[in-house]
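Participant: Just dropping this structure here.
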Amino acid sequence: MEAREVFDLAIIGSGPGGYVAAIRAHQLGLKTAIVERDVRLGGTCLLRGCIPTKVLLHDAALLGKIRRASKHGFNTGDVEVDFSKVQKRKSVIVGKLTKGVEFLMKKNEVVTFKGNATMTGPGHIAVEGNGSTTQVRAKHVIVATGSEPKSLPGYDVDGQFVITNNEALDLESIPKSMVIVGAGAVGVEFASIYSSFGTRVTLLEVLPQLVPIEDEDVSKELRRALKKQGIDVHTEARLESAVVREGTLEVVFRTANGEEKHVQAEKLLMATGRTPNTSGIGLEKLGVVTDDKGYVKVNDYMESNVPGVYAIGDIVPTPWLAHVASHEGVVAVERIAGRNPVPIRYDQVPGCTYCEPQVASVGLTEAAARAAGHSVKVGKFPFSSIGKAMIEDATDGFVKVVTDEKYGEILGVHMIGSGVTELIAEAVASIGLEATAEDLIHTIHAHPTLSEAVHEAMEGVYGVSIHM
Ligand code: FAD
């Protein structure tokens, strides 16, 4: 079957890259189609990523607050967790949002094709679904097919014992024990979720620090906080084997000092990275160049080497983040529509991890700033000296600012603590506007707020923090 019209733009994949691109395309007057193989729209972010994990993290944090309520004078007694209700609330939120994306597609006159898309020639897409194939034709194609979790070689995901983030999100009951391999954002978020719900969590990271892309001080503070919560944290640790014996896993790993450790666990969660969905969709046939890891090579405007074929989101070698995917979608569409989009400044993208305590950052770490040849001056301020943090019983963590000594230009801001994923927006805007620490010292921050820690950290660059 052939779709009647030739679209200006067809987008493959309805994640935060694809669906946002589709809406922007309609706004710019492009006749647009979107193809999605999942029964629901929204992609990894909405169905298996950002949203469902944050529901569980929110509820895990809420449980922690209730358990600490006696400190505030509320005697709640033992708190019983009905995990099926927690999971149901998560599904309801995901369901509402996916319906919201469907509504937005209709409102913006984007034609949706449900099925698996393969590019069969320039501007030709075959969509297989419901036992038939529909041919979709378009002048331009944006590929936004996202990524899938990747396990380590030799550790096959069986969905029962060895799991990925996909299965970890949908567990029917709280496991008694879990080994998590990989302490990037996904690994530490699940460590926070299940540890808060009572699972005995062992967290293994092969690199020397947790959340390896973050500033070293932040990583150290996170390690301290996770250990305080009872999580067994090991860096420079290597998974050696995982064997199922009498219905439970025996996991063997080697610690940094070479010691062999054995842990019994109900689940082994592989949070060991993701792989881009770029094979089997016709890219090779069109001659689209990918790198050795399968990422599509694109220019500043998300154009591949093949005219008319664009790639965005998790299939290009840029940070795996929903807001990056969406922004890339907008840049690609504006380019197609003949606008003059501003290329993305990847060095100004905020990264947020919603573990407990949260981590948020933008710009250069202290080590990266020094390695880049900057003469670095650092300011740091702990939440333990902030009134609002005391009020909220959230005194763990700090704000750290990395500046260039000459003019006080802000090169990076790194935060760990409660609510920092909201606080980071100010730092992102400041770096985008090339602000200096002095600019932010002259910016009045309301009292009492957690944002005062940002202000005080800026003052700290010059050794003049008021409440230090
Ligand atoms: P995706 O969201 O993966 O969407 C791709 C879509 O393409 C999918 O719906 C897929 O079904 C469809 N598709 C693939 N192949 C085909 C085909 N051949 N035909 C038709 N359709 C196809 N990022 C954040 O910014 N914040 C977070 O808090 C966050 N949390 C995360 C938590 C977890 C556990 C995970 C796994 C990821 C998280 N991410 C987060 C990352 C974020 O989800 C991704 O960066 C984002 O979803 C990428 O968007 P995308 O549009 O490129 O691809």
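The values are calculated or read from the model by the stated rules, or taken from the named source; none is laboratory data. Please read all numbers here as calculations on a predicted model, not as lab measurements. Note that we place each Cβ from the backbone using ideal geometry, even for glycine, and neighbour counts take in every protein chain shown.
Participant: Does Ile386 meet the test of being over 24 Å from Ile213 (Cα atoms), crowded, with 21+ Cβ neighbours inside 10 Å and of a type outside the set (Phe, Trp, Tyr)?
Facilitator: The answer is yes for Ile386.
Participant: Working carefully through the options Val298, Val289, find the one that is farther than 20 Å from Cys352 by Cβ, among the hydrophobic types (A, V, I, L, M, F, W, C) and surrounded by fewer than 16 Cβ atoms within 10 Å (Cβ to Cβ).
Facilitator: Step by step, each of Val298, Val289 is checked, and only Val289 is farther than 20 Å from Cys352 by Cβ, among the hydrophobic types (A, V, I, L, M, F, W, C) and surrounded by fewer than 16 Cβ atoms within 10 Å (Cβ to Cβ).
Participant: Are any residues in segment 265-311 out of contact with any helix residue (DSSP H, G or I) (no Cβ under 7 Å at 6 or more places or on another chain), farther than 22 Å from Ala22 by Cα and within 11 Å of the ligand (Cβ to nearest atom), and if so, which ones?
Facilitator: Result: Gly273, Ser279, Gly280.
Participant: Can you tell me which residues in segment 312-335 are surrounded by fewer than 24 Cβ atoms within 10 Å (Cβ to Cβ), within 11 Å of the ligand (Cβ to nearest atom) and over 25 Å from Gly29 (Cα atoms)?
Facilitator: Selection gives Thr318, Pro319, Trp320, Leu321.
Participant: Go through segment 302-354 and give me each residue that's in a helix (DSSP H, G or I), of a type in the set (A, V, I, L, M, F, W, C) and either more than 30 Å from Pro52 (Cβ to Cβ) or in contact (Cβ under 8 Å) with a residue 60 or more places away in the chain (or both).
Facilitator: Once the filter is applied, which keeps residues that are in a helix (DSSP H, G or I), of a type in the set (A, V, I, L, M, F, W, C) and either more than 30 Å from Pro52 (Cβ to Cβ) or in contact (Cβ under 8 Å) with a residue 60 or more places away in the chain (or both), segment 302-354 yields Ile315, Ala322, Ala325, Val330, Ala332, Val333, Ile336.
Participant: Of the residues that sit in segment 139-183 and are within 14 Å of the ligand (Cβ to nearest atom) and in a strand (DSSP E or B), which one is farthest from Leu283 (Cα to Cα)?
Facilitator: Among them, the one singled out is Ile180.
Participant: May I pose another question? Does segment 52-72 contain any residue that is β-branched (Val, Ile, Thr), within 14 Å of the ligand (Cβ to nearest atom) and not assigned by TED's automatic domain parsing to the domain that holds Thr199?
Facilitator: yes
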